[in-house]
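Single-structure report; data block below.
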């Protein structure tokens, strides 16, 4: 049987070359359709969603019970572990291949199991157990450091020694398309003597990738590079919405809290680690050499194109405001997970690890408006007369990401959020 | 029917005056017994656990289905809301009253439903949805500030304006009695040029109370004082174990992370907010006056005695190292919850909010070894020849808390943790 990542594979379903969902991808999500059935697990293929519950009921999987795919979240499937993830993906690939008649020639099953994507509603793909946010792009940390502390003290002393991160709030992780209400909070601009409470005036996005942890670890136990890697089920695109003015006033000494808890948006599709294998590469050279527990023997970064579009309510089309790449990350997802467990923290199925804002070395590769507008001093022009330093009500922000193969793209679709007013 | 908080109530079960579990308390927990049945919900009364599932099966509750008490966590019961919490407690109080024959005179039911506490194993009482840790004792924040920044800059500028807090890690909240393995982490003492990785050398406890949130809030919506109060199901004692050396190196700029994620211990009994009603009082005067959304019209503090005992492996009996009171907290639990939701954060059933270390104005009222030993400069003598600046392997730490009524105590039992070696 050919490997499901084989670039030569074709599906009997037509997939455009710029689609994010060729047969080499097969990302998992949770959807509901017009049939009125409860949300369940599906896989994206071209412009369709493949209903895994329908296939499982029809006995098309040896190992996985239909109930696993009838769940409104990927957690029960993820709990089955990497071998089942891999064999299930191989089986789905086989069922969708143009030269495999089983599903292709079974019209009744095709009608039940293939739902046009235009007819589905996509839900949050997994129950988020814990959400942790890292800060692992050297370019981003440097930009922020230069803005607030000057060029000579840009990076904090600990930054080059460990993936700095903090616990985020799992209860407000939402799926693409969920409107984001402008948060209110305590604000104290440098010019004010006392704080006031009101709508955030410096609302920002952060372009991140999210690791989806699919296997648990034992409380008190450390992880090796290999163990951490095998616990990663897949990735999502993640928008870590941020209230910069709230953050500035609250964050000393315990870190960001209310500035980040109001919403975090993720893509509806989880692209598996296996589907991203062909696009692995080594990250930047790490100097100083990390401590032993953080050292890597494998390439743990990914060559993944990322872009951000912004559309104000009065614009007819969105404007691109950033194009960058996941490959720039200084600390890899594997290093983040190893560090997270190093003190004895138990990891759970459904944990989500944000990479931190992904900025590249060039000016047009910045992953937040704070950097793009250089803290408001260089507003970005979207169309004539429409400038942005931070997000305004009605603004719609879209992130996209994909890995480019030979004639196909392994992508995430998009994560969209529109800002609604505070009141 | 007399109110379940009536000081004159007596149970047909003998309860010693210094017991934490008189009929005026009725705290909820999750237990398993020698019968081999799965963990389920019970209430502490004197030296017994009352098996609510057995009572419910025997149709002793109008409103609550037996399945709610058959769960290995309080979450399904908490989800039923404050009216059910109150009516259930009233019904349990009635069933346990000395002048109510229903259970008292039903020997068969008594045998099934009353389990000696010596025969039960206590489990974590609820599934922790999100864990948030605050920093709301002015005495604690001042002590820490004086140690690290000097007397004149002890409190950060934001501290008097909001309950400072950060997201903690829910996956490692454990019940009293769970051993705590000494965490490993990155350490960089001021004398070292580069960090190293190894066992924490400055392991500490933090005496806290934990609020157990029993009702959800809507994402994007703020809470009033009244709404926040009604969402609080009850309280636990909480030990926020801390690796001070890990924290010192990692915490700038995103706050404590690995220093706190390795374990958080809570008491097995959740004392209901209703049982604590008679012990409410006003907290310290807040100056400056808080912003409108944080203002209080009711007394939201509690007169609750707290004590900490420490026993090194070579000691035959524990030594008391702190006696303080929950009433000293500057920011109340209600203010913490209001602030938590203010930016739009959705609260969930099972959220746990740590109060922050509870220190009082006197030297013997400090709630952490960092303060007791004044950052290691004044080690505390436990017995002759045994001193502690921080915790050592084999040390057992016990926290206790109770409110003193007229001839009875409404208490939490204890939260114990023993330090085991790193390897």
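The values are calculated or read from the model by the stated rules, or taken from the named source; none is laboratory data. In this text, all values refer to a predicted model and were calculated from it rather than measured experimentally. Neighbour counts run over all protein chains shown; Cβ positions are idealised from the backbone, glycine included.
Could you grab me the full set of residues in region A:280-308 that are buried (at least 19 other Cβ atoms within 10 Å of the Cβ) and either outside the structural domain of residue A:387 (by the TED database) or within 28 Å of residue A:417 (Cα to Cα) (or both)?
A:301, A:302, A:304, A:306, A:308
Would you list the strands (runs of 3 or more DSSP E) that sit entirely within region A:10-61 and hold 3 or more residues that are farther than 20 Å from residue A:125 by Cβ?
By residue number, no strands (runs of 3 or more DSSP E) qualify.
When region A:219-235 is examined, which residues are found to be in contact with a strand residue (DSSP E or B) (Cβ under 8 Å, 6 or more places away or on another chain) and without any contact (Cβ under 8 Å) to a residue 40 or more places away in the chain?
none
Condition first: at the interface with chain B (Cβ under 9 Å from one of its Cβ atoms) and farther than 22 Å from residue A:77 by Cα. Can you find one or more residues in region A:223-240 that meet it?
no
I'm told residue A:152 meets every condition in (1) under 30 Å from residue A:393 (Cα atoms); (2) away from every other protein chain (no Cβ under 14 Å); (3) free of Cβ contacts under 8 Å to residues at least 12 places away in the same chain except one. Can you identify the failing condition by its number?
So residue A:152 meets the others, but not (1).
Could you please let me know if residue B:262 is within 14 Å of chain A (Cβ to nearest Cβ), crowded, with 22+ Cβ neighbours inside 10 Å and without any contact (Cβ under 8 Å) to a residue 40 or more places away in the chain?
So residue B:262 does not fit the description; no.
What are the residues in region A:236-293 that are touching a helix residue (DSSP H, G or I) at 6+ places or on another chain (Cβ under 7 Å) and assigned to a strand (DSSP E or B), if any?
A:264, A:272, A:281
Pick from B:254, B:238: which is closer than 25 Å to residue A:221 by Cα, free of Cβ contacts under 8 Å to residues at least 12 places away in the same chain and in contact with a strand residue (DSSP E or B) (Cβ under 6 Å, 6 or more places away or on another chain)?
Numbers: B:238 fails: free of Cβ contacts under 8 Å to residues at least 12 places away in the same chain.
Within the list B:254, B:238, the selection yields B:254.
Could you tell me whether region A:170-178 includes any residue that is closer than 23 Å to residue A:338 by Cβ, facing chain B (nearest Cβ under 7 Å) and touching a residue at least 12 places away in the same chain (Cβ under 8 Å)?
Yes, there is a match, as at least one residue in region A:170-178 is closer than 23 Å to residue A:338 by Cβ, facing chain B (nearest Cβ under 7 Å) and touching a residue at least 12 places away in the same chain (Cβ under 8 Å).
For residue B:363, all conditions in the list (1) within 14 Å of another protein chain (Cβ to nearest Cβ); (2) out of contact with any strand residue (DSSP E or B) (no Cβ under 7 Å at 6 or more places or on another chain); (3) without any contact (Cβ under 8 Å) to a residue 24 or more places away in the chain hold save one; what is the number of the exception?
Evaluating residue B:363 over (1) within 14 Å of another protein chain (Cβ to nearest Cβ); (2) out of contact with any strand residue (DSSP E or B) (no Cβ under 7 Å at 6 or more places or on another chain); (3) without any contact (Cβ under 8 Å) to a residue 24 or more places away in the chain leaves (1) as the failure.
Go through (1) within 14 Å of chain B (Cβ to nearest Cβ); (2) part of a helix (DSSP H, G or I); (3) in contact (Cβ under 8 Å) with a residue 12 or more places away in the chain; (4) out of contact with any strand residue (DSSP E or B) (no Cβ under 9 Å at 6 or more places or on another chain) one by one and return the number of the condition residue A:160 breaks.
Residue A:160 satisfies every listed condition except (2).
So which strands (runs of 3 or more DSSP E) stay within region B:97-137 end to end and still have 2 or more residues that are more than 14 Å from chain A (Cβ to nearest Cβ) and under 20 Å from the mean Cα position of the chain (by Cα)? Before you say what the answer is, go through the steps one by one.
Numbers: elements: B:114-116, B:121-123, B:131-134.
Where strands (runs of 3 or more DSSP E) fall fully within region B:97-137 and carry at least 2 residues being more than 14 Å from chain A (Cβ to nearest Cβ) and under 20 Å from the mean Cα position of the chain (by Cα), they are B:121-123.
For region B:180-218, which positions are in contact with a strand residue (DSSP E or B) (Cβ under 8 Å, 6 or more places away or on another chain) and in a loop (DSSP other than H, G, I, E, B)?
Scanning region B:180-218 gives B:182, B:183, B:188, B:195, B:200, B:201, B:202, B:205, B:206, B:214, B:215.
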